[in-house]
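K.L.:
The structure follows.
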Amino acid sequence: MKTVIIALLAFYCNCSFCQTTPDYDNIKLIDKGDYQVAERNVMQAANYILSTPFEKDDLTRLKSLQFIIKWMTGTPDFSFSLDEMATKMAKGNDDVLGVYMVCMTKYCLENKASSKDGRAVKLNSIKMLLSYCENANNKLKLTKQLKKLSEANQNGELEKEL
């Protein structure tokens, strides 16, 4: 009996730490209802990307990002825009732009009441992006502009910098 309990506990612990993503190819995004139903999958994809280190050849990460971008471009409930700051932040590193878009999506889904406030979305998404990039384990280097924003954030002046 003790062996069965230990085996079940080991199985449970192993499964609870696994990060699986849905089969994005089978999630239809056609009408408004589809986009609303897919929000759970979009959050799962965003959480996957923001909780795993950047790897250029990670197919799961790439599919998750593609799904998020597809959802972002079609959702009728949210509006996303990339301004000059986004271009500056990602200069020389398109992977930074992808993570920024994930941060925007995650912020909007978690904060629906303020998702229409472009300034709040931008500020909080940049904070999320900085947090991800500042973690050396995530292997996504800060661009020159992100270093400047990181310094402003540490000095409590990020909002003024934007």
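K.L.:
Filtering region 129-162 down to residues that are more than 17 Å from residue 93 (Cα to Cα) and touching a residue at least 60 places away in the same chain (Cβ under 8 Å), which residue is most open to solvent (accessible area, probe 1.4 Å)?
P.N.:
Of everything passing the filter in region 129-162, 137 is most open to solvent (accessible area, probe 1.4 Å).
K.L.:
Quick one: is residue 28 touching a residue at least 24 places away in the same chain (Cβ under 8 Å) and open to solvent by 60 Å² or more (accessible area, probe 1.4 Å)?
P.N.:
no
K.L.:
Could you grab me the full set of residues in region 67-94 that are surrounded by 14 or more Cβ atoms within 10 Å (Cβ to Cβ) and modelled with pLDDT of 95 or more?
P.N.:
Residues satisfying the conditions are 67, 68, 69, 70, 71, 72, 74, 75, 78, 80.
K.L.:
Scan 116, 63 and give me the residue that is under 21 Å from residue 29 (Cβ atoms), at pLDDT 95 or above and open to solvent by 40 Å² or more (accessible area, probe 1.4 Å).
P.N.:
Criteria check complete, one pass: 63.
K.L.:
For region 87-129, give me each residue that is among the hydroxyl-bearing types (Ser, Thr, Tyr) and assigned to a helix (DSSP H, G or I). Spell out the reasoning first.
P.N.:
Step one: of region 87-129, the residues among the hydroxyl-bearing types (Ser, Thr, Tyr) are 87, 100, 105, 107, 114-115, 125.
Result: 87, 100, 105, 107, 114, 125.
K.L.:
Conditions first: (1) surrounded by fewer than 20 Cβ atoms within 10 Å (Cβ to Cβ); (2) out of contact with any Phe, Trp or Tyr (no Cβ under 9 Å at 6 or more places or on another chain). Residue 46 passes all but one, so which condition is the exception?
P.N.:
Failing condition for residue 46: (1).
The values are calculated or read from the model by the stated rules, or taken from the named source; none is laboratory data. The shown structure was predicted, so the numbers you read here are calculated from the model rather than taken from an experiment. Positions of Cβ are backbone-derived with ideal geometry, glycine not excepted, and every protein chain shown enters the neighbour counts. Note: accessible area is taken over every heavy atom of the protein model, side chains too, but ligands, DNA and RNA are not part of it. Shrake-Rupley method; radii C 1.70, N 1.55, O 1.52, S 1.80 Å.
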